[in-house]
1. Suppose R0 equals 30 Å. What FRET efficiency, 1/(1 + (r/R0)^6) with r the Cβ-Cβ distance, do Asp134 and Leu48 give to the nearest 0.05?
2. Gain in length, His227 to Thr102, computed as 0.36 nm per residue apart minus the alpha-carbon separation, to one decimal in nm?
3. Counting residues in segment 55-139 as N, plug N into 2.2 N^0.38 Å and put the Cα Rg over that result.
4. I need the per residue convex hull volume for segment 85-186, using only the alpha carbons, in cubic angstrom as a whole number.
5. Rank the residues Ile168, Ile111, Ile214, Ile4 as a footprinting-exposure proxy: fewest other Cβ atoms within 10 Å of their Cβ go first.
6. Show me, bin by bin at 5 Å from 0, the whole-percent P(r) of segment 101-159 based on Cα pairs.
7. Would you mind checking the pairs Lys2/Lys221; Lys23/Lys225; Lys56/Lys221; Lys2/Lys197; Lys37/Lys225 and listing those with alpha carbons more than 30 angstrom apart?
8. Just how large is the dipole of the chain about the Cα centre, in debye to the nearest 20, putting +1 at every Lys and Arg Cβ and -1 at every Asp and Glu Cβ?
Amino acid sequence: MKQINEDAWLLSPGNANAVLLAKGNELTLVDAGFAGKERVVLDAIAALGRRPSNLKHLVFTHSHPDHIGSSAAIVEAAGARTYMHALDAPFAETGGRFRPMTAAPGLLHGIMYRLVWHPNVRMRPFRIDQHVADGETLPLAGGLRAVHVPGHAAGQLAYLWRGDRLLIGGDVFMNIFGLADPVGFEDEAQARRSQRKLAALQFDKAVFGHGGAILSGASDKVRRKVH
Ligand SMILES: [Zn+2]
Ligand SMILES: [Zn+2]
């Protein structure tokens, strides 16, 4: 668990990121990592001196196996309310199959794509309590503004937390060997528009679905990557 802000922590439930946000005793988790990694989340809650029942909200960037994997177990342990874009919710509620993607351009992306992307994998299904739409601000954790960024997944949302403090960007980019494309796209042209959409926003820090957090000047780094 790595603290990224006074009320925000980066967790790694498997080789994917999740962000735990606090407002007083109430906790919100954005994304839920790979399957079987619920312990990472529950241990982080305990390390903050909270109980599983303090986790009130489980918010998703998109419904891929590496972002929803431990959700059913976390919801069982905590009873959290769940939030996702309507276009991705059916995959959480059925547990797959997932929509097809193609590898992003480049040799490294081709290799990573074959390593990580298994569309036939099935997840434990769980219910989505609330659909989230583009531009909506969820009154959670001090405010999470949803920005629809399709292309990697049709129902992908990025979230701006507390104004411009932190972008939780899902798989619009990854940040493993520097800022780069995600492993694959459902629709590359749409994904490029979503990258430009994020580049037009202002935010101090950023966390994408994979790799390290960007702890300062994050929107400038995204702009430099896109232009
Ligand atoms: Zn993804
Ligand atoms: Zn991912």
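1. That gives a FRET efficiency of 0.45.
2. Extending this stretch completely gives an extra 42.7 nm.
3. Its radius of gyration relative to the 2.2 N^0.38 Å reference: 1.20.
4. So the per-residue Cα hull volume is 111 Å³.
5. Ranking Ile168, Ile111, Ile214, Ile4 by Cβ neighbours within 10 Å, fewest first, gives Ile111, Ile4, Ile214, Ile168.
6. Distribution as computed: 4, 14, 15, 18, 17, 14, 13, 5, 0 percent.
7. With Cα atoms farther than 30 Å apart: Lys23/Lys225; Lys56/Lys221; Lys37/Lys225.
8. 200
Coordinate-derived values only; no laboratory data. Not measured: the values here are computed from a predicted model. Note that each Cβ is placed from the backbone with ideal geometry, even for glycine, and that neighbours are counted across all protein chains shown.
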